[in-house]
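Shown next, in structure tokens, is the structure this report addresses.
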Amino acid sequence: MSNDDDFRDANAPAPHGLGTRLVHHDYQPPSAFGGLNVGVHHASTIAFPNVAALRSRDWRKADSYTYGLHGTPTTFTLERRIASLEGGHHCLLLPSGLAAITVVDLAMLKAGDRVLLPDNVYGPSRELANTTLKDFGIDAVFYDPTNLATLEAALDERTKLIWMETPGSVTMEVPDIPAIVALAKQRGILTAIDNTWAAGLLFRPFDHGVDIVMHALTKYPSGGSDVMMGSITTRDEALHLRLKATHMRFGIGVAPDDCYLMLRGMATLELRLAKSGDNGLALAAWFAQRPDVATVLHPAHASCPGHAFWARDFHGSCGLFSVVLDARYGEAEVDVMLDALKLFKLGYSWGGVHSLAVPYAVNQPGGTSRLAWSHRGPLLRFYAGTEDVNDLIADLTQAFGKMALLRA
Ligand SMILES: Cc1ncc(COP(=O)(O)O)c(C=O)c1O
């Protein structure tokens, strides 16, 4: 799936492959204890060895233990793991992916600033920009990630941050990240990316000059559909400290138990992602040959806008994609099909071992938004888990059969 050399931190000698590095870590258990996993260290108070250490404490320093909120050996181990996985130098953990997005916005923007977001951005990020950010005097403008003229037209001297998402939530367009970064750099504007689809492995934003990488660890790194967490990774220390200050002021921390589960999940990340990605490709190919499917929106398919950028910039695909059904199908028929699914569960989020399906409305009240959307049929988002793919196809076949019966 991936070339190990691509995931090396340029600053550190990395004699081992990715799979090895995901399993082995730098945590030192207490002497004479041979457990293989990182211990769960809880703390609010952390005792200083003497008053000089207390007086000179600095929560901004990496791995400095000052108070539970700022981190324990468990949380710091996970931060280091994410930073190294994503090719960054610094990482902050947040209690959800959305909290990570929020901290990026609030750390980087102030009243009078403008932020640009792709129009296919994760819905709650759009909601944050249109409500709280607006209330704080921050101007949010949405651009079409498939038409960078719309981004250029929105750039002005107030613009301080450009968000990117690759591919875009639900409608799956892959943007030309290097081109967006080039436009931002010409004007000294910071760039942030939601890199969740790539699971930290399939796309390397820092290699393309992106400043801030946000990742909903809730998805693939957790892998269990049961832990929520987000990360913000940077290479630049000043940027990291700015984010860390906002993180500290809001009092947002993560539970060491959740970090433990995340670390445990990450050991099998590469294996799970490979199986889910392969299953996703097989399902997308199955959908592509069906007469009731108008379009397959999977970055590895030429029918997906931005497919060429995916082929140029990515090292593979995860199991999340969408399809647009033929326009003759309406909500009532789609609902019969969805209710008939047995292995696919109906539910939000993704990245676990269970396959999922969710219907989405585009450009309708409460739905996802696109400036340019020409499809007329209903959109369904599928997530391929790690089940046997033949069983998944059989499940889809029987459910689509029920939908067809309604038209027979
Ligand atoms: C692309 C993307 N970004 C961010 C998030 C938010 O992550 P979380 O659910 O951890 O808040 C999600 C969640 O579905 C997502 O799909």
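Annotations
- Residue-averaged [θ]222 nm for the chain, counting only DSSP H segments that reach four residues, each worth -39500 (n - 2.57): -10000 deg cm²/dmol
- Stretching residue 153 away from residue 375 to a fully extended chain increases their span by 77.4 nm, per 0.36 nm per residue minus the current alpha-carbon distance.
- Listed peptides 136-142, 30-36 by packing density, highest first (mean Cβ within 10 Å): 136-142, 30-36
- Karplus-derived 3J(HN,Hα), 6.51/-1.76/1.60, for each residue of segment 132-148, Hz, glycine and proline x: 4, 4, 4, 4, 7, x, 9, 8, 10, 10, 9, 10, 8, x, 9, 9, 5
- Length-normalised contact order for segment 330-386 - Cα pairs under 8 Å, 6+ apart - percent: 35
- Taking the convex hull of the alpha carbon positions in the chain and averaging its projected area over all directions gives 21.3 nm².
- When the inverse distances between all different Cα atoms of segment 171-219 are averaged and flipped, the Kirkwood radius reads 11.5 angstrom.
- Centre separation in Å (Cα based) which lies between segment 238-280 and segment 106-151: 24
- Residues residue 207 and residue 363, FRET efficiency given R0 of 41 Å [Cβ-Cβ distance, rounded to 0.05]: 0.75
- Bridge orientation summary for the chain: considering DSSP beta bridges with both residues in this region, about 55 percent are antiparallel.
- Paramagnetic reach from residue 135 in segment 65-102 [backbone N under 14 Å; point 7 Å along Cα→Cβ]: none
- Label-to-label distance for residue 20 and residue 54 is 4.6 nm, based on points extended 7 Å past Cα in the beta-carbon direction.
- Three principal axis lengths of segment 68-122 [C-alpha, angstrom, descending]: 39, 24, 19
- When each of the peptides 325-337, 152-164 is scored by how many other beta carbons lie within 10 Å of its residues on average, the order from highest to lowest is 152-164, 325-337.
Each reported figure results from applying straightforward, stated rules to the coordinates on display, with no laboratory input. Everything numeric in this text was worked out from a predicted model, so none of it was measured. With ideal geometry, Cβ positions are generated from the backbone for all residues, glycine too; neighbour counts draw on all protein chains shown.
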